[in-house]
1. Could you list, in sequence order, the residues of the stretch 393-405 that are buried (at least 19 other Cβ atoms within 10 Å of the Cβ) and at pLDDT 90 or above?
2. Just checking, which of Arg216, Arg233 is over 25 Å from Ala55 (Cβ atoms), modelled with pLDDT of 95 or more and in contact with a Phe, Trp or Tyr (Cβ under 7 Å, 6 or more places away or on another chain)?
3. Which members of the stretch 290-317 meet the condition of being assigned to a helix (DSSP H, G or I), open to solvent by less than 50 Å² (accessible area, probe 1.4 Å) and either touching a Cys at 6+ places or on another chain (Cβ under 8 Å) or not polar (S, T, N, Q) (or both)?
4. Please work out which one of (1) free of Cβ contacts under 8 Å to residues at least 60 places away in the same chain; (2) over 30 Å from Asp390 (Cα atoms) is the condition Arg11 fails and give its number.
5. Search the stretch 323-342 for residues being over 30 Å from Ala282 (Cα atoms) and of a type in the set (Val, Ile, Thr), and hand back the single one that is most open to solvent (accessible area, probe 1.4 Å).
6. Quick one: is Val197 over 26 Å from Arg258 (Cβ atoms), open to solvent by less than 50 Å² (accessible area, probe 1.4 Å) and among the aliphatic types (A, V, I, L, M)?
7. Specify the residue that is farthest from Leu86 (Cα to Cα); the eligible residues are those in the stretch 1-30 that are open to solvent by 10 Å² or more (accessible area, probe 1.4 Å) and part of a loop (DSSP other than H, G, I, E, B).
8. Does Pro320 count as surrounded by fewer than 16 Cβ atoms within 10 Å (Cβ to Cβ), within 21 Å of the chain's Cα centre (by Cα) and not hydroxyl-bearing (Ser, Thr, Tyr)?
Amino acid sequence: MMPTGWCPGTRTVTAMMSTYPGTSCVRIFFGPGDGLPAAAWTDPRQRLAQAPADADVIVSHKDPEVDAAAFVAAWQATGRTGRLILVPHHEPEQQTGGDPAPAAFRTSWTRTRKQVGDHPARLDGRLRLAVCWTLQWVRRVDSAGRRVNDWRTWWPEHEADAVDLVLADWYPYDPTARNPFRPATYEEPASALAIMVELSRATGKPWGIAEINHPRITTAGGYPADLDADGSRCAAWYRRMHAWAKANGCQVWSHYHRDEGDLTERKTEQQALRELIAAEAAAPRRLAPALETLRAELTRRWPGAGRTVADSAHHADHRPNARGTIDALDVDVTGVDTAALLAAFQRHPSAAYWIHAGATAGADDGWTRRPYAGADRGRDRLHLGIRPTDAAERDQRPWGLAEEAGSDATRFLALLKDPAVALQLRALPWQYVGGGIPKGMSTLGVLNEIVQTVRVIGETVARQAADPAPVRAALARLPEPRPAADGPEPSGRVDAAPPVDTTRPTAGAGVPPPGTGLPRTPAEVDALADAVAARVLAALPAQASGVSGGELAAALRTALADLAG
């Protein structure tokens, strides 16, 4: 989805909404001396208060010294779910109406950054700070075709990290025409908007259109020919421009519905804009593939009806972006280990931010937890957002939750492949006597304890970013060989013989004393492995094991290989 709408000009937002239902972007301008009145969000006479709660709102102003903090706080208090795109100073390059000099412009950006740059809404993507220039000024060239203006003059380089978006106002300009501002043809989108792609690449920021308008090409409109008396060519041009912009990364699109751009009497173009707005409002919702992977792992780890929600009105990231992709997922945290989930989420390269229980944190801020002052703080819900890039959306690497959802047998098999586990297994049979597999506190009993321990091990690993140290710590808690002084083995041993004192020297390194019942031949090792595998699987539901007896037995043979001989 590419939020699409208009600047209402002299008309009320309410009247505009009746003409253009489904509007997902509204641009409001505060002129010189207007400041940024916080009351504009709640005063029903103000256009900001009339704007749809789920629409993106582009707010441009002309005053260098304003209280952006109070303005943003008032916006957030309304509980609006659309984004606020704030332009600290609109079109400074015009140098009219009290526009600041470059030094003052940079100072105003520093002021804005100090006031709202670290605001939680900016960290989670709902508050965007933007520059906005007029493309006729940026594109202007001399007789030799060289640009005469440098946009870098009005680029806050020292505050570049605080700039989230590059916006521009597009109006006709063709330096080869007799009147460059009244060309005789509608410019093709690839040429008209190539400058926006260029600016985006140069600044490293996404781009959008804050104002766009094209009068009909007629002599009455000051053009050299009556090319488009009924406006059909202009309407087709709007559709092509919108489509090209969306396909080339445009983040937001606002028609300038004022003066020559007022479409009230231009019914053909009005219908085109209405259709574009309606199409974006009805854009299909497709969860990003990266989040589909996460949702599948969540469902396996913590089953439950309605566990995850992709289509929600509480945050702008639940709306499809220009690629038709949703970059946020809500999780019902009932019965969920949120600490484990957040630890796994924060490790993934696609992760951008989360909101939960009045707190938020973002990847770009080192996952520093901060208070979240939004109207919907997610007490029983965890909001997970990923980076709004094609690469992040398509990254389907595991999130680290699915491996914990496997059966006991699956996790047991994974542990058997760990060298430390094999070492423990080779020591365990020394504390038992007799042949076969004793009942009660037997080799099988200890192995079953390993299976149960995997739950703890797996959770530790999930919390600690796959660090093997916690696994080793859990394994260290497994039973060790005990000396004879500890007394006889508890009841249940088939032969009631005392355990072997493994603290005394043996005849050969790694060789147990005679009579321990330790497997001595490969055949005995195979028999032990087969029997243990069979008993482990027998204790599990058949449909839940996910591992065959042959797989378990093979892993056991490897782990116990040096017991024979």
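The values are calculated or read from the model by the stated rules, or taken from the named source; none is laboratory data. Please read these numbers as outputs of a predicted model, since none were measured by experiment. Glycine gets a Cβ as well: all are built from the backbone with ideal geometry, and neighbour counts include every protein chain shown. When the accessible area is computed, the model is the full protein with side chains, heavy atoms only, and any ligands, DNA or RNA have been set aside. Shrake-Rupley method; radii C 1.70, N 1.55, O 1.52, S 1.80 Å.
1. Glu393, Trp399, listed by residue number.
2. Arg233
3. Listed by number, the residues that qualify are Ala290, Leu291, Leu294, Glu297, Leu298, Arg301, Ala316, Asp317.
4. If we test Arg11 against (1) free of Cβ contacts under 8 Å to residues at least 60 places away in the same chain; (2) over 30 Å from Asp390 (Cα atoms), just (1) comes out false.
5. Only one residue fits best here, namely Thr334.
6. For Val197, the condition - over 26 Å from Arg258 (Cβ atoms), open to solvent by less than 50 Å² (accessible area, probe 1.4 Å) and among the aliphatic types (A, V, I, L, M) - is met.
7. It comes out as Pro21.
8. In short, no.
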